């Protein structure tokens, strides 16, 4: 096939709603989430070559030296999985070079690793000419992580189960999102432990969320009052910085503010770019924090 390179931009996500429900027989929890992409993006440059496969056919490099590039990395795992499936379809062995430029904070609840994995699947599906549909790619993504399928249905979706039940939605209108990372990561497994220790029972879904099932369009005015995250109350006593950031975002004019995922990034929703940039500079100026202002929503993952 010679050498070919594609660029895929992998966006961050925020959880506008995140409910952690009952524990499943497989040990995971059933989730109910409304997820939306944000135009803070990692870049993946994927090059397919005809070189013989070595011990691993995937070579991964990253501009952030703190990110492991070994077998624990979701990008590497995604690439190896696609190549394995491609070989099973009779494709000749291939070698892949991937360069990852990281902008999304790691351990921040923004789904950067999952988005990068989804982008890898899209890139190799294109380069290898596999012809997989979005649903077929999402099935592969389920094997890698709960958030991976969502990114294949971007920009917005209602997500249930372990993450495999994805129903695309449209949030009508334009908003800007300010993301404020406190400067420390939160490990997902630990966050679930905190949640389990802090609550006596699982609250049922509110009537407002139940009514969203079956709808495919919402307005931001409808979404903002629904914003909630079960992890917020569990993590706030341990990390008061999360509550402080949320309060500061609201005082800076956010329509709504919330912890994203299991943390540690807190985000605020703003009407326009000017207000978002002011809030980013104001709230993100404290020592140790990283802050970004970006529009809500990026289209489906595409190869450029």
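Bear in mind these aren't lab numbers, they're just calculated from the coordinates by the rules spelled out. Values in this document were obtained by computation on a predicted structure and should not be read as measured data. Cβ placement follows ideal geometry from the backbone for every residue including glycine, while neighbour counts extend to all protein chains displayed.
Sorted on the mean count of surrounding Cβ atoms within 10 Å across their residues, most packed first, peptides 238-247, 86-95 read 238-247, 86-95. The calculated FRET efficiency for residue 206 paired with residue 134, based on their beta-carbon distance and R0 = 30 Å, is about 0.50.
Simple spin-label estimate for residue 238 and residue 281 gives 3.6 nm between the two label positions (7 Å along the Cα-to-Cβ direction from each Cα).
The calculated FRET efficiency for the pair residue 273 and residue 5, based on their C-beta separation and a Förster distance of 45 Å, comes to about 0.90. Across 10 Å bins from 0, what is the distribution of all Cα-Cα pair distances for region 173-295, in whole percents? All Cα pairs considered, the percentages come to 13, 40, 33, 14, 0.
Relative to the longest principal axis of the Cα atoms of the chain, the long axis of helix 273-283 makes an angle of roughly 80 degrees.
The relative contact order of the chain, computed from alpha carbon pairs under 8 Å that lie at least 6 residues apart in sequence, is 25 percent. Only residues of region 169-198 count here: report those whose backbone N is under 13 Å from the spot 7 Å along Cα→Cβ of residue 23, or say none. Residues passing the 13 Å test: 192-198. In terms of its Cα atoms, region 4-170 spans 47, 33, 31 Å along the principal axes, sorted from long to short.
If both residues of a DSSP beta bridge must be in the chain, then about 85% of such bridges are antiparallel. Axis of helix 112-127 versus longest Cα principal axis of the chain: the two differ by about 30°, to the nearest ten degrees. Look at the alpha carbon pairs under 8 Å that are at least 6 residues apart: their mean separation over the length of region 218-304 gives a relative contact order of 21 percent.
Identify the residues of region 157-180 with backbone N under 15 Å of a label point that sits 7 angstrom from the Cα of residue 217 along the Cα-to-Cβ direction, or state none. What the label zone holds, given the 15 Å backbone N cut-off, is 169-174. In square nanometres, what is one fourth of the surface area of the convex hull spanned by the alpha carbons of region 148-213? Over every viewing direction, the Cα hull of region 148-213 projects on average to 6.8 nm². Against the main long axis of the alpha-carbon atoms of the chain, helix 74-88 sits at an angle near 40°. Once the Cα-Cα distance is subtracted from the 0.36 nm per residue extended length, the residue 50 to residue 80 segment shows a gain of 9.2 nm. Across every direction, the projection of the convex hull enclosing the Cα atoms of the chain has a mean area of 15.9 nm².
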